[in-house]
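The values are calculated or read from the model by the stated rules, or taken from the named source; none is laboratory data. Since we're looking at a predicted model, the values are computed, not measured. Because the Cβ atoms are built from the backbone with ideal geometry, glycine has one as well, and the counts that use them run over all protein chains shown.
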Amino acid sequence: MVYDGILLGLIVGLFRGGFRYGLHQFAALKLRGGWIFPLLLLAQFFIFFLQERLDWVASINGYLFAAVYVTGLAFLWLNRHYKGFTLIWIGVFLNFIVMAVNGGRMPVSVEASAVLGPYYVDMLREGGAVSKHYMMDASTHLSFLGDIIPLSSPYPRTQVISIGDVVMNIGIFLFIQYMMVNRTGDALQPVNSIRPEEIRTDSKEGRSFP
């Protein structure tokens, strides 16, 4: 679902702000701990790859995904001064909480998953669906934060998402819009930073202060 927010944000930003300006903004973007994000993507890829081949990885994948989420939350918190990142953090946190209280897996509503077809529903019932998901039942905690929202036609991609996914993608969309459309020159400035024009100088002692 995260890719939906990125793609939609880029398309809208392209029409609103222009491709060249958007590329310039992203090229100048400096995220705190920016190296963490690609490592998280690689970590998830290897977990998905290895869990199908190594039983011991499959047995602890819930803990591995939890570690990925915690690291991702730390990365987002470090960059919360950027517009949209607070919403992204909240969305990821909501997904993390529901997974944490359900053994490291995301509960999926059987009713909602019907949009994915009978094959997926059967796998979900049999426990053979994607390993970080499982069928929601009476023992599920915080089920309202699970994957309970079905998306199908006219939405271009059929899927089942959570409230956390929605919040996270709104944050991603706002961040991309701010980066690609804002032309005031402060898109790359932290929210609490002091701009040069806001600094006054004490003429007697030569001290500069906001």
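Quick check on the stretch 159-172. Is at least one of its residues of a type outside the set (A, V, I, L, M) and surrounded by fewer than 20 Cβ atoms within 10 Å (Cβ to Cβ)? I'd like the intermediate steps shown before the answer.
If we filter the stretch 159-172 for residues that are of a type outside the set (A, V, I, L, M), which is where we start, we get 159, 162, 164-165, 169, 171.
Checking the rest, the ones that are also surrounded by fewer than 20 Cβ atoms within 10 Å (Cβ to Cβ) come to 159.
Yes, some residue in the stretch 159-172 is of a type outside the set (A, V, I, L, M) and surrounded by fewer than 20 Cβ atoms within 10 Å (Cβ to Cβ).
Return yes or no: is Tyr69 within 24 Å of Asp165 (Cα to Cα), among the hydroxyl-bearing types (Ser, Thr, Tyr) and out of contact with any helix residue (DSSP H, G or I) (no Cβ under 9 Å at 6 or more places or on another chain)?
Working: within 24 Å of Asp165 (Cα to Cα): yes; among the hydroxyl-bearing types (Ser, Thr, Tyr): yes; out of contact with any helix residue (DSSP H, G or I) (no Cβ under 9 Å at 6 or more places or on another chain): no.
In short, no.
Of all the residues that make up the stretch 45-65, how many are closer than 15 Å to His133 by Cβ and either surrounded by fewer than 16 Cβ atoms within 10 Å (Cβ to Cβ) or of a type in the set (Val, Ile, Thr) (or both)?
4
What tally of residues in the stretch 94-107 results from selecting those that are surrounded by fewer than 19 Cβ atoms within 10 Å (Cβ to Cβ) and either assigned to a helix (DSSP H, G or I) or modelled with pLDDT of 90 or more (or both)?
Counting residues in the stretch 94-107 that are surrounded by fewer than 19 Cβ atoms within 10 Å (Cβ to Cβ) and either assigned to a helix (DSSP H, G or I) or modelled with pLDDT of 90 or more (or both) gives 3.
Given the options Tyr119, Tyr134, name the one that is among the hydroxyl-bearing types (Ser, Thr, Tyr) and more than 19 Å from Val101 (Cβ to Cβ). Walk me through it before giving the result.
On the way: Tyr134 fails: more than 19 Å from Val101 (Cβ to Cβ).
On inspection, the qualifying residue turns out to be Tyr119.
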